1. Residues of region 15-38 being among the hydrophobic types (A, V, I, L, M, F, W, C) and farther than 11 Å from M1 by Cα, which ones?
2. Quick one: how many residues across region 35-46 are at pLDDT below 90 and of a type outside the set (D, E)?
3. For region 8-28, which residues satisfy the criterion of being out of contact with any helix residue (DSSP H, G or I) (no Cβ under 7 Å at 6 or more places or on another chain) and modelled with pLDDT under 90?
4. Got a number for residues in region 1-28 being small (G, A, S), loosely packed, with under 15 Cβ neighbours inside 10 Å and part of a loop (DSSP other than H, G, I, E, B)?
5. For R34, only one of the following conditions fails: (1) loosely packed, with under 14 Cβ neighbours inside 10 Å; (2) outside any loop (DSSP other than H, G, I, E, B); (3) charged (D, E, K, R). What is its number?
Amino acid sequence: MVCGIGKFSKPTTLFLKSMGYRNVRSLKGGINERVRKGLPTEGAKG
């Protein structure tokens, strides 16, 4: 799960885990942290 700062992806990840999903993660700090660190990002495809 990814959001701007990690505020929304974390609770969503926990909710999905409570529903039985096991292979879910939240990107700590969100996409903004990745951009700040100069790490690669990729836009949505489709």
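The values are calculated or read from the model by the stated rules, or taken from the named source; none is laboratory data. For clarity, every value in this text was computed on a predicted model and none was experimentally measured. A quick note on method: Cβ atoms are made from the backbone with ideal geometry, for glycine too, and the neighbour counts reach across all protein chains shown.
1. F15, M19, V35
2. 7
3. Of everything in region 8-28, just one residue is out of contact with any helix residue (DSSP H, G or I) (no Cβ under 7 Å at 6 or more places or on another chain) and modelled with pLDDT under 90, namely K28.
4. Residues meeting the conditions: 2.
5. Of (1) loosely packed, with under 14 Cβ neighbours inside 10 Å; (2) outside any loop (DSSP other than H, G, I, E, B); (3) charged (D, E, K, R), only one is false for R34: (1).
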